[in-house]
Amino acid sequence: MTAILPESTTPTPAVDLEAVSKSYRRGDEIVHVLDHFSFTVASGDFIALMAPSGSGKSTLLNLIGGLDHPDQGRIRVAGTELAGLRESALTRWRSRNIGFIFQLYYLIPVLSAARNVELPLLLQPLSRAERAKRVEAALTLTGLPNERHHFRPPELSGGQQQRVAIARAIVTDPPLLLCDEPTGDLDRAAGNEILELLKTLNERLHKTILMVTHDPHAAELAHRVVHLEKGLVGELRAA
Amino acid sequence: MPTLFRFYPLVFAALRRHRVRTLLTIASVMMAFLLFGLLMALSHAFYGGVKTANRRTLITMSSMSFIESLPRADAAEIASIPGVAKVAYEVWIGAYYQHQSQILFALAVSPKRWLAQRTRQLSLPTTERTAWLGDRRGALVGSSVARRYHWKIGEIIPIRSNIWVHPNGTNTWPVKLDGIFHSKSRTLEQVVILHYRYWNGGVNKPNVIGMLRIEVHHLSELTAVAHRIDTRFANSPYPTRTSSARTFMKNFIDQTVDIGLIVQDILIAVFFTMLLVTANTLARSVRERSSEIAILRTQGYSRRLIFALILAEALVVVLTGGILGTLLAALLVEGLHTFLAEFLPTLRLTTGAELKGLGLMILFACASALLPVYQIQRLKTADALRGG
């Protein structure tokens, strides 16, 4: 079965997947995670992707972020055809265009919040002062209190750690944020704050956001909600 | 690519994660290089003289054994052999100072010839040189020996011999200290030099010598001259064996113990074990951080850059441990030298050994990083993130 979502109204979509298939080998069995999957996200959109476990939502984010390669089909992100990029070019492209946010934050525990946020900037030809300025701006934007900028992750709450992870994702100013269960490890209050922050990033900084979530409450904030089941788009509805 | 130096927080973060483990690994590497330093110093103590021996010098001795004597007249005969430039002879005194444990490296020599062969190696005031040449009972000593026993110029030193009896019926050969010389050669710094005439006038079997030091005109003639000397005495009652000074010293040492082989075997065993320990520690550390490495990949860190960071980690660990171990070895060797100078005068950690150590550290770090680099090469970013 093939499902195609309505095309975006904007001329250059932020994400454009065309007939993408992806399967994995699990022992002797081949698991088809995505099967001729087509999907378009307009620039500046905020999409919640809801799906049960194992239905391919994380795979979808990995494919869009260039961390994995499709078996078939075409993926174009911000006008760039990913299949045409070599490993090194793909790595450089990713650093400029994609910000990843994960459920488990993946911060380096022995580095301060500011140092964690600085990591993507180390790849850019910026002076130390310029890097510090951008780190400060990103952390302030995410609402992490100033006095906590030099705390190490284990000294921060879950919500604060996720703010640091978001600051790290936006510090290079990528147009697209890929969020994999960003509130999955947080309590309701902290989760709501993170969702508000994502909404702000979308509305004020015009970040395109593709957010995988199990939480219908989280999905309510998105412009659109996409349901994915067994590798296929089963339903699309406006939030 | 930006300079690697700006990534130092990442390198040190990885090392700070398990401080005890990092410190233990550094300590292990330190021990390996401490051992390396000590063994290299020991090797130099035995073979150092071999490398610094004059390349144009031949040593002639009895073909029977090291302790057999040769007639002094052989010196004049050897001097007439084509290719020979200078001939000097010496006798091993087998001396000590006040106690048997205070061994003196004492030789009775032909004074002018001995000095002539060492003009570049010694620093001796002219007045002391003249005084010694004119004093049959005089002695010259290296400054290290003089300092050790607090000897002063003009002092009478009662040198005792385990081999030769003095005409007074005792084993004490009193000498007057006429000169104290300085030398860059630690071996020379340890010697006590007597006049051959003084010794020869006292022994009951005079006009014999222990060995001859022969300088040839041209290095290319070394083997030919050695052959001519041994041929000349082949059918005499005192056949000779002649070899280059370097070969003589090396054979002499190897007859006792093959230090080179022992040093090599120990070092191979130690470094192989240390390589396994360090590589395993690094590999474990990388395995524990696979999700963080995956996160760096999502931020645009190339595999090559991550390899460089892992190599930098290995270099920090190995260089820290290695440099500490080498410094400790240098200190220990200096300390040991003050006690063992009379037995192992050339015991020291040379710059060459330190540079060899540095090269080994870099090689060691690169080899340790191979396994982790292989792990990263196989690491699939998406899988590592899924694993959490």
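How far is helix A:188-204 tilted, in degrees, relative to the longest principal axis of the Cα atoms in chain A, given as a value from 0 to 90 rounded to the nearest 10?
For A:188-204 against chain A, the angle is about 80 degrees.
Can you compute the modelled spin-label distance between B:Gln121 and B:Glu334, with each label point 7 Å from Cα toward Cβ, in nm?
Modelled inter-label distance: 2.6 nm.
Considering only region B:64-238, what is the antiparallel percent among its DSSP beta bridges, to the nearest 5?
Values: 25 of 35 bridges.
Counting only bridges with both partners in region B:64-238, antiparallel ones make up about 70 percent.
Under the 0.36 nm per residue contour assumption, what length would be gained going from the current alpha-carbon distance of B:Gln377 and B:Asn235 to full extension? Mind dumping the intermediate values first?
On the way: separation 142, 0.36 × 142 = 51.12 nm, distance 7.32 nm.
Going from the current span to full extension adds 43.8 nm.
For chain B, with only Lys/Arg (+1) and Asp/Glu (-1) charged at the beta-carbon, what is the dipole magnitude about the Cα centre, in debye rounded to 20?
Working: 43 positive and 22 negative charges, 199 e Å.
Computed about the Cα centre, the dipole is about 960 debye.
With the crude spin-label approximation of a point 7 Å out along Cα→Cβ, what separation in nm comes out for A:Asp187 versus B:Ser80?
11.1
Determine, from the Cβ-Cβ distance of B:Cys366 and A:Glu81 and an R0 of 41 Å, the FRET efficiency 1/(1 + (r/R0)^6), rounded to the nearest 0.05. Intermediate values should be presented prior to the final figure.
Working: r = 38 Å, r/R0 = 0.93.
Calculated transfer efficiency: 0.60.
State which helices in chain B qualify, where a helix is a whole DSSP H run, it must extend 30 Å or more along its own axis by its Cα atoms, and its mean Kyte-Doolittle hydropathy must be at least 0.0. Numbers along the way, then the final one.
Numbers: long enough: B:19-52 (45 Å, 1.26); B:259-288 (43 Å, 1.35); B:303-340 (53 Å, 1.78); B:351-378 (41 Å, 0.92).
Correct list, ordered by number: B:19-52, B:259-288, B:303-340, B:351-378.
What whole number of Å gives the distance from the Cα centroid of region A:134-148 to the Cα centroid of region B:174-242?
83
Each residue of region B:89-103 in order: what ³J(HN,Hα) in whole Hz does its phi give by Karplus 6.51 cos²θ - 1.76 cosθ + 1.60, θ = phi - 60°, with x for Gly and Pro?
Result, ordered by residue: 10, 8, 10, 7, 7, x, 9, 9, 8, 8, 10, 4, 6, 8, 5 Hz.
Check which residues have an amide H placed less than 5 Å from A:Glu229's amide H, if you skip close sequence neighbours.
Excluding prolines and chain starts, which carry no amide H, the hits are A:Gly234.
Tell me, what HN-Hα J-couplings in whole Hz come from the Karplus equation 6.51 cos²θ - 1.76 cosθ + 1.60 at θ = phi - 60° for each residue of region B:165-181, using x for Gly and Pro?
For region B:165-181, the Karplus curve yields 9, 6, x, 6, x, 9, 9, 8, 10, x, 10, 9, 7, 9, x, 10, 10 Hz.
Could you tally up the Lys pairs in chain A with alpha carbons closer than 21 Å? Skip any pair fewer than 8 positions apart unless they're on separate chains. Walk me through the intermediate numbers first.
Working: A:Lys22/A:Lys57; A:Lys22/A:Lys230; A:Lys57/A:Lys199; A:Lys57/A:Lys207; A:Lys57/A:Lys230; A:Lys133/A:Lys207; A:Lys199/A:Lys207.
Counting lysine pairs in chain A gives 7.
Which ³J(HN,Hα) values, rounded to whole Hz and listed in residue order, are derived for region A:141-151 from phi using the Karplus coefficients 6.51, -1.76 and 1.60 in 6.51 cos²θ - 1.76 cosθ + 1.60 with θ = phi - 60°, glycine and proline given as x?
Working through the residues one at a time gives 4, 7, x, 6, x, 3, 5, 9, 4, 10, 7 Hz.
Compute the Kirkwood hydrodynamic radius of chain B, taking the inverse of the mean of 1/r over all pairs of distinct Cα atoms, and give it in Å to one decimal.
On the way: mean 1/r = 0.0401 Å⁻¹.
Every distinct Cα pair counted, the radius reaches 24.9 Å.
What whole-number volume per residue, in cubic angstrom, does the convex hull of the C-alpha atoms of the protein assembly as shown give?
On the way: hull volume 140.2 nm³, N = 627.
Output value, Cα hull per residue: 224 Å³.
Quick check: the distance between the Cα centres of region A:28-90 and region B:352-368, to the nearest angstrom?
Comparing the Cα centres of region A:28-90 and region B:352-368, I get a distance of 46 Å.
How about B:Lys250: which lysines have a C-alpha closer than 22 Å to its C-alpha, ignoring those fewer than 8 places off in the same chain?
Cross-link targets: B:Lys51, B:Lys184, B:Lys356.
Rounded to the nearest 5, what % of DSSP beta bridges with both residues in chain B are antiparallel? Intermediate results must be reported in sequence, preceding the final value.
Values: 34 of 44 bridges.
Looking only at bridges with both residues in chain B, the antiparallel portion is about 75 percent.
Between B:Ser69 and B:Asn251, what FRET efficiency follows from the Cβ-Cβ distance if R0 is 25 Å, with the result rounded to 0.05? It would help to have the intermediate numbers written out before the result.
Values: r = 20 Å, r/R0 = 0.79.
E between B:Ser69 and B:Asn251, to the nearest 0.05, is 0.80.
Could you size up the charge dipole of region B:216-358 around its Cα centre, putting +1 on the beta carbon of Lys and Arg and -1 on that of Asp and Glu, and report it in debye to the nearest 20?
Roughly 480 debye, rounded to the nearest 20.
For region B:144-193, state which trypsin sites (Lys or Arg not before Pro) are in a DSSP loop and have at most 13 other beta carbons lying within 10 Å of their beta carbon.
Values: sites: B:Arg147, B:Arg148, B:Lys152, B:Arg160, B:Lys176, B:Lys184, B:Arg186; in loops: B:Lys152, B:Lys184, B:Arg186.
Of the trypsin sites (Lys or Arg not before Pro), the ones in loops of region B:144-193 whose Cβ has at most 13 other Cβ atoms within 10 Å are B:Lys152, B:Lys184.
Between B:Gln100 and B:Leu133, 0.36 nm times their residue separation minus their Cα-Cα distance comes to what? Provide the component values of the computation, followed by the final result.
On the way: separation 33, 0.36 × 33 = 11.88 nm, distance 2.90 nm.
Full-extension gain reported as 9.0 nm.
Which value in nm describes the separation of the simple spin-label points at A:Glu18 and B:Asn168, placed 7 Å from the Cα toward the beta carbon?
Going by the 7 Å Cα→Cβ label model, 11.2 nm.
Can you say what percent of the DSSP beta bridges in the protein assembly as shown, counting only those with both residues inside, are antiparallel? Round to 5.
Details: 56 of 86 bridges.
For the protein assembly as shown, the DSSP antiparallel bridge percentage is about 65.
Once amide H atoms are placed 1.01 Å from N in the peptide plane, what residues at a sequence separation of 5 or more from B:Gly179, or on another chain, have their amide H within under 5 Å of its amide H?
Long-range HN contacts for B:Gly179: B:Ala139, B:Val141.
Each reported figure results from applying straightforward, stated rules to the coordinates on display, with no laboratory input. Values in this document were obtained by computation on a predicted structure and should not be read as measured data. Note: ideal-geometry Cβ built from the backbone for every residue, glycine included; neighbour counts use all protein chains shown.
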